[in-house]
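Asks: Pasting a structure below so you can have a look.
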Amino acid sequence: MTNYILSLDQGTTSSRAILFDAAGKPIRSAQEEFTQHFPKPGWVEHDPMDIWRTQRDTARAVIEGQGISTAEVANEIAAISITNQRETTLIWERGTGEPIYNAIVWQCRRTAPMCDQIRAAGFDAAIRAKTGLVTDAYFSGTKVAWLLDHVPGARASAEAGELAFGTVDTWLLWKLSGGALHITDVTNASRTMLYNIYEGDWDDEILAYFNIPRSLLPEVKPSSMVYGETVAHIFGEPIPLAGVAGDQQAATFGQVCLSPGMAKNTYGTGSFLLMNTGTAGVPSENGLLTTIAWQLENQPLIYALEGSVFVAGAAVQWLRDGLQIIDSAPEVETLARRVDDAEGVYMVPAFVGLGAPHWDAYARGTLVGMTRGTTRAHIARATLNAIALQSKDVLDVMARDSGIALSALRVDGGAAANDLLMQIQADVLGVPVQRPAVTETTALGSAYLAGLAVGFWPDTATLAEQWSIERTFEPQMSDAARDDLVAGWQRAVERAKGWANG
Ligand code: ADP
């Protein structure tokens, strides 16, 4: 009887490892930050060896910390799972395992001009129809093309089949398996802008457009299956490698959003929303992304609509650091509770423009509706309203695009700890908001995927039973009050739009 799943959570600023027990409870974790490299304005890189070293060391730290000896690891740990920062792009030599360049991080803007060219040529429509993605420098495709074009000798080596491309999951699987595995899972593949999410294969037309040889690409696998095992020397004994998903998809699985219409929202710096749309990939009419949510072994692909809001918790940071009306992020709740509502004050935190569904790069932050009676408490309240209303805007278009009504919203992320914000969210949506007992949803989701593959958990029904809610927020606002609030919000958003464009 093994006791744990070891979940590796490779994020943008740190690597973490968490041991989950059979009840899905996090038992022990370790975390290590690593260096961010900014070689030019707008460029972001990671050292691939930093990613590997911190990930391996945190895994070792939890194993040792739990008192598991190297002779017992295979008895104690049923499988290793991986969830990762998505889209970040690496290329290494197959022969030596040496990276040919740093990892180009999802945030890196170096290929923005290439994306402009793609749009000018009109190829973005094909990319959207095949990959479900908007043409943007975030995704791996243009990063791969950049590496082949700019690293001396890379293209010739790639054409000779000597190089391997991978997202972070692929890199970790390669290192953990001692170079035996060159694979990715469907969720990570769906973020490369090279993968046809409807056909479930790398897309030859896109590969030809970017001049990327197929031999560079990893084999694409389900998110839950036994891929192979770790080489013995890393942890003392081989451990099965069994579940992989990109971070947002893993969080959706960790929230057990298993049926169509179930959605999760992660409230961090920004908000990340995913809605399960079942076995149908739904193209968006409103600039959302269509993506693969996961695939269980021998099961069909499950799709999701994805939307993000650029500024969510960051608006609270602004109250703290910019406006200095609170000393800490949690204090926003105390302050906002001093008033019953924002009394007509609206804050639109469009500090960096507006994303889905408004898509206005020239929108800027706006505070409207103030009177002599307005206090900082109203501004705090208006900020929480804005975080909830922005998410409602995205969920509304998800429902419209998919034709599936939202049944409940499951929440996680730092700002989900705010009870008032969660109540406002339930109020403006008119559906319950459910906050889980285990908020490590990303790591838990990939652990679930691995655990299913090795029989640590028998089926998804067991997961749904085991997953528990810490608190449900039921909608309490009257329809009339909600309509008022939403109508005012829409007017405020109109005021914010186009501001920086004169
Ligand atoms: P990230 O992973 O993006 O760094 P986290 O999930 O750690 O984000 O959440 C941090 C964000 O949540 C910050 O922007 C912070 O302002 C916000 N935040 C944290 N606690 C609260 C709270 N109690 N109420 C509102 N916002 C909060």
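The values are calculated or read from the model by the stated rules, or taken from the named source; none is laboratory data. Not measured: the values here are computed from a predicted model. For neighbour counting, all protein chains shown are included, and Cβ atoms are generated from backbone atoms with ideal geometry for every residue, glycine included. When the accessible area is computed, the model is the full protein with side chains, heavy atoms only, and any ligands, DNA or RNA have been set aside. Shrake-Rupley method; radii C 1.70, N 1.55, O 1.52, S 1.80 Å.
Asks: If the Cβ limit is 7 Å and pairs must be 6+ apart or interchain, which residue in the range 487-502 that is under 9 Å from Thr366 (Cβ atoms) pairs with which residue that is at pLDDT below 95 and surrounded by fewer than 16 Cβ atoms within 10 Å (Cβ to Cβ)?
Replies: Trp499/Tyr362
Asks: Kindly provide the set of residues from the range 430-452 that are under 22 Å from the mean Cα position of the chain (by Cα), open to solvent by 10 Å² or more (accessible area, probe 1.4 Å) and not β-branched (Val, Ile, Thr), ordered by number. Spell out the reasoning first.
Replies: Going through the range 430-452, the residues under 22 Å from the mean Cα position of the chain (by Cα) turn out to be 433-452.
Then drop every residue that is not open to solvent by 10 Å² or more (accessible area, probe 1.4 Å), which leaves 434-435, 437-440, 442, 452.
Hits for the range 430-452 are Gln434, Arg435, Ala437, Glu440, Leu452.
Asks: I've got another one for you. Taking only the range 354-370 into account, find how many residues are touching a Lys or Arg at 6+ places or on another chain (Cβ under 6 Å) and at pLDDT 95 or above.
Replies: 2
Yes/no per residue for (1) surrounded by fewer than 19 Cβ atoms within 10 Å (Cβ to Cβ); (2) without any contact (Cβ under 8 Å) to a residue 12 or more places away in the chain:
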position	(1), (2)
Ala137	no, no
Leu148	no, no
Pro152	yes, yes
Glu159	yes, no
Ala164	no, no
Thr167	no, no
Thr170	no, no
Gly178	yes, no
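Quick grid of which residues meet (1) at pLDDT 95 or above; (2) farther than 30 Å from Arg56 by Cα; (3) open to solvent by less than 10 Å² (accessible area, probe 1.4 Å):
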{"position": "Ser259", "(1), (2), (3)": "no, yes, no"}
{"position": "Asn265", "(1), (2), (3)": "yes, no, yes"}
{"position": "Glu285", "(1), (2), (3)": "no, yes, no"}
{"position": "Ile292", "(1), (2), (3)": "yes, no, yes"}
{"position": "Phe310", "(1), (2), (3)": "no, yes, no"}
{"position": "Ser328", "(1), (2), (3)": "yes, yes, no"}
{"position": "Glu331", "(1), (2), (3)": "yes, yes, no"}
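Asks: Filter the range 385-405 down to residues that are within 11 Å of the ligand (Cβ to nearest atom) and open to solvent by 20 Å² or more (accessible area, probe 1.4 Å), then give me how many there are.
Replies: 0
Asks: Another question about this same structure. Collect the residues in the range 231-272 that are within 16 Å of the ligand (Cβ to nearest atom) and on the phi > 0 side of the Ramachandran plot, keeping them in residue-number order.
Replies: Residues satisfying the conditions do not exist here.
Asks: Search the range 411-445 for residues being of a type in the set (Asp, Glu) and part of a helix (DSSP H, G or I), and hand back the single one that is farthest from the ligand (Cβ to nearest atom).
Replies: Asp427
For every residue, the table says whether it meets (1) at pLDDT 95 or above; (2) touching a strand residue (DSSP E or B) at 6+ places or on another chain (Cβ under 8 Å); (3) in a loop (DSSP other than H, G, I, E, B); (4) at positive phi.
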position: Ala447; (1), (2), (3), (4): yes, yes, no, no
position: Ala450; (1), (2), (3), (4): yes, yes, no, no
position: Leu463; (1), (2), (3), (4): yes, no, no, no
position: Thr472; (1), (2), (3), (4): yes, yes, no, no
position: Pro475; (1), (2), (3), (4): yes, no, yes, no
position: Arg482; (1), (2), (3), (4): yes, no, no, no
position: Val486; (1), (2), (3), (4): yes, no, no, no
position: Gln490; (1), (2), (3), (4): yes, no, no, no
position: Val493; (1), (2), (3), (4): yes, yes, no, no
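Asks: Looking at (1) farther than 17 Å from Val486 by Cβ; (2) within 13 Å of the ligand (Cβ to nearest atom); (3) at pLDDT 95 or above, which is the one condition that is false for Gly373?
Replies: The single condition Gly373 does not satisfy is (2).
Asks: Still on this model: Would you pick out the residues in the range 299-336 that are more than 12 Å from the ligand (Cβ to nearest atom) and in contact (Cβ under 8 Å) with a residue 12 or more places away in the chain?
Replies: Matches in the range 299-336: Gln299, Pro300, Leu301, Ile302, Tyr303, Ala304, Leu305, Glu306, Gly307, Leu323, Ile325.
Asks: Which pairs do you get when a residue that is farther than 21 Å from Glu93 by Cα and among the hydroxyl-bearing types (Ser, Thr, Tyr), found in the range 213-236, comes within reach of a residue that is open to solvent by 40 Å² or more (accessible area, probe 1.4 Å) and at pLDDT 95 or above, reach meaning Cβ atoms under 6 angstrom, with the pair 6+ apart or on two chains?
Replies: Correct list of pairs: Ser224/Glu297.
Asks: Restrict the check to the range 208-227 and report whether at least one residue is acidic (Asp, Glu) and either out of contact with any His (no Cβ under 9 Å at 6 or more places or on another chain) or buried (at least 22 other Cβ atoms within 10 Å of the Cβ) (or both).
Replies: Within the range 208-227, none of the residues are acidic (Asp, Glu) and either out of contact with any His (no Cβ under 9 Å at 6 or more places or on another chain) or buried (at least 22 other Cβ atoms within 10 Å of the Cβ) (or both).
Asks: Look through Ala382, Ala408 and report the one residue that is at pLDDT below 95, open to solvent by less than 30 Å² (accessible area, probe 1.4 Å) and either closer than 21 Å to Gly322 by Cα or away from the ligand (no atom under 16 Å from the Cβ) (or both).
Replies: The match here is Ala408.
Asks: Continuing with the same structure: Give the number of residues within the range 187-220 that are within 22 Å of Ser157 (Cβ to Cβ) and touching an Asp or Glu at 6+ places or on another chain (Cβ under 6 Å).
Replies: Number satisfying all stated conditions: 1.
Asks: Of the numbered conditions (1) open to solvent by less than 50 Å² (accessible area, probe 1.4 Å); (2) of a type outside the set (Val, Ile, Thr); (3) within 13 Å of the ligand (Cβ to nearest atom), Met275 fails exactly one; give the number of that condition.
Replies: (3)
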